[in-house]
Amino acid sequence: MIRVLVALELRTYREAIARALQYSRPRAGVSVSDPEELDWEMERLEPHVVICSQSTQPVRDGALCWVKMLIVDHELRAVVGVKGLASTIVPNIDLAELAALIDRAEDLATADQH
């Protein structure tokens, strides 16, 4: 099972995104965390995908895929990292793109097991 951790600053956003992802990917285990507890939750849950406001070293080193969501000049931007590789900036990331990242992590996790 793919584990997803959502640790965004705004509680309403993190809860809404977590619910939407759980709905669209019911086989994924989606957890919500306060950003201050992110590193501890990384160790405890060992998530494959992390959606956060600040990407810490444990997130960058431990998650197969991570998304750092930022609001810059009234525009949503996301920095996306996949398997420790260079990050990509995605303007106005949407739920479909976040769900696709869960699928990507699932593919990577399956490939690592073989």
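Here is how the numbers come out for the structure above:
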| quantity | calculated |
| --- | --- |
| Any hit, the range 90-99, residues being of a type in the set (A, V, I, L, M), modelled with pLDDT under 95, more than 17 Å from Glu15 (Cβ to Cβ) and not in a helix (DSSP H, G or I) | yes |
| Residue among Val50, Val67 that is β-branched (Val, Ile, Thr), closer than 23 Å to Gln22 by Cβ, assigned to a strand (DSSP E or B) and in contact (Cβ under 8 Å) with a residue 40 or more places away in the chain | Val50 |
| Output for the range 14-44, where each listed residue is in contact (Cβ under 8 Å) with a residue 40 or more places away in the chain and either in contact with a strand residue (DSSP E or B) (Cβ under 6 Å, 6 or more places away or on another chain) or acidic (Asp, Glu) (or both) | Ile17, Leu21, Ala28 |
| Subset of the range 1-33 that is basic (Lys, Arg) and under 27 Å from Gln113 (Cβ atoms) - its residue that is surrounded by the fewest Cβ atoms within 10 Å (Cβ to Cβ) | Arg27 |
| Among the candidates Arg77, Arg44, Arg27, residue that is charged (D, E, K, R) and either at pLDDT 95 or above or in contact with a His (Cβ under 8 Å, 6 or more places away or on another chain) (or both) | Arg44 |
| Conditions (1) in a helix (DSSP H, G or I); (2) in contact with a helix residue (DSSP H, G or I) (Cβ under 7 Å, 6 or more places away or on another chain); (3) among the β-branched types (Val, Ile, Thr): number failed by Thr12 | (2) |
| Members of the range 74-106 found to be surrounded by fewer than 15 Cβ atoms within 10 Å (Cβ to Cβ), farther than 16 Å from Ile2 by Cβ and small (Gly, Ala, Ser), listed by number | Gly84, Ala86, Ala96 |
| Those residues of the range 64-87 which are in contact with a Cys (Cβ under 9 Å, 6 or more places away or on another chain) and within 26 Å of Thr12 (Cβ to Cβ), in sequence order | Trp66, Val67, Lys68, Met69, Val80, Gly81 |
| Positions within the range 35-53 being exposed (fewer than 13 other Cβ atoms within 10 Å of the Cβ) and either touching a Phe, Trp or Tyr at 6+ places or on another chain (Cβ under 6 Å) or not aromatic (Phe, Trp, Tyr) (or both), in sequence order | Glu36, Glu37, Glu43, Arg44, Glu46 |
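The values are calculated or read from the model by the stated rules, or taken from the named source; none is laboratory data. Values in this document were obtained by computation on a predicted structure and should not be read as measured data. All Cβ positions, even for glycine, are placed from backbone atoms using ideal geometry, and neighbour counts span all protein chains on display.
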